[in-house]
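Reading through the structure tokens given below for one structure.
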Amino acid sequence: MDMLFNEFYRKFCSATDDTAAELLPFNEFASLCREMELADTASGNWLRSADDCIHAIGESPKLFAHAIARWLTQDDFKALAKAVAYKASVRHLQGEVPVVYDLSSIPEAQAILAGYRLCALPVAPAVTLGWTLSIAALPAPTVAITSAVENLLNHLVKEQPSTTLRLLSSKDSEFSSLAIATEVREALQAQADWLEQQPNLREFAMTTEMRIAFWSLRRNEGRDIHRRAQRASVLASLFKSQHFKYANRTAIEFAVGGQVQETTLEMAPYCMSIELPLSEHIDPVAGRQARNRLWQGPQR
């Protein structure tokens with residue numbers, strides 16, 4: 001079985017932009033994953049076995065487009081398609097531009113349904129917005145394409161307006177000349193400018209001193225909770241505990257010519273901000289219902 005997955009991985013990794021989708025083993029790989037899924041539905045070991053192949057597909061926009069169009073539109077391969085979408089979402093979680101997908105060789109109905117279902121899943125906005133705009137960029141758009149693009153863009157604008165505006169405003173985006181992208185960007189920018197002009201209540205604004213005092217209170221509260229839990233813990237009386245202090249530098253030892261030397265490295269903070277869908281904050285039930293309707297496609 002490992003040899004089969006290794007062979008699939010080799011073929012997916014060796015694919016280029018000129019490689020025809022018919023020459024890649026999408027159907028064989030999906031059938032094998034489906035057989036393993038049905039044979040072992042509880043543990044999910046088949047996902048771990050196929051992880052390398054799924055990763056290779058999620059990293060390539062060409063492979064991702066063909067895989068999602070084939071698998072996400074069929075309920076039998078829904079678990080496999082969600083795994084591929086997760087890999088692509090992680091890959092483009094901090095994307096600064098919408099991902100461009102070549103959907104010219106994919107049937108129109110499949111591309112539209114895949115776009116609806118991608119928006120129904122917790123996928124990175126760079127992927128969902130890129131897929132939607134790639135549908136809009138198809139030559140000679142039909143009524144179905146126009147309606148689908150309008151519905152999907154409305155959903156993205158309502159759920160994640162700040163991220164959508166940031167992606168559409170990128171100078172490196174290949175969709176900057178697309179009419180529908182320009183229209184949505186201008187509407188979102190006008191909305192952002194209007195919100196910026198609204199008066200701010202000083203009662204809800206914290207000064208620097210207030211913010212420092214607030215975090216000091218939070219830190220002291222966390223320490224008190226930890227001390228009480230440690231005093232009441234049975235394990236704390238059985239095992240020794242070690243405490244580590246954080247600093248802005250770390251010391252590293254390394255061997256050179258049989259001697260141990262030491263050097264210091266600067267520690268830099270790292271953070272990542274993600275805009276959650278608006279329905280997660282205001283009305284999770286209605287948001288879940290909207291995503292269920294998106295999963296059904298444009299007919300429902």
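The values are calculated or read from the model by the stated rules, or taken from the named source; none is laboratory data. For clarity, every value in this text was computed on a predicted model and none was experimentally measured. Glycine also receives a Cβ, built like all others from the backbone with ideal geometry; neighbour counts cover every protein chain displayed.
Residue by residue, here is whether (1) modelled with pLDDT of 90 or more; (2) in contact with a strand residue (DSSP E or B) (Cβ under 6 Å, 6 or more places away or on another chain); (3) within 15 Å of Leu63 (Cβ to Cβ) holds:
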position	(1), (2), (3)
Asp2	no, no, no
Phe12	yes, no, yes
Asp17	no, no, yes
Glu37	no, no, no
Arg48	no, no, no
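Just one residue in the set Val90, Val84, Val123, Val127 is within 18 Å of the chain's Cα centre (by Cα) and outside any helix (DSSP H, G or I); that residue is Val123. When Tyr86 is tested against (1) in contact with a Cys (Cβ under 9 Å, 6 or more places away or on another chain); (2) closer than 28 Å to Leu294 by Cβ; (3) hydroxyl-bearing (Ser, Thr, Tyr), exactly one condition is not met: (1). Within region 211-223, is even one residue part of a loop (DSSP other than H, G, I, E, B) and surrounded by fewer than 14 Cβ atoms within 10 Å (Cβ to Cβ)? Looking for residues that are part of a loop (DSSP other than H, G, I, E, B) and surrounded by fewer than 14 Cβ atoms within 10 Å (Cβ to Cβ), one finds none in region 211-223, hence no. On inspection, Ala15 passes the criterion of being touching a helix residue (DSSP H, G or I) at 6+ places or on another chain (Cβ under 7 Å) and part of a loop (DSSP other than H, G, I, E, B).
Residues checked against (1) loosely packed, with under 15 Cβ neighbours inside 10 Å; (2) polar (S, T, N, Q):
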| residue | (1), (2) |
| --- | --- |
| Asp2 | yes, no |
| Thr16 | yes, yes |
| Ser31 | yes, yes |
| His66 | no, no |
| Arg70 | no, no |
| Ala83 | no, no |
| Tyr86 | no, no |
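Among the conditions (1) in a helix (DSSP H, G or I); (2) touching a residue at least 60 places away in the same chain (Cβ under 8 Å); (3) over 26 Å from Thr142 (Cβ atoms), Val97 misses just one, which is (1).
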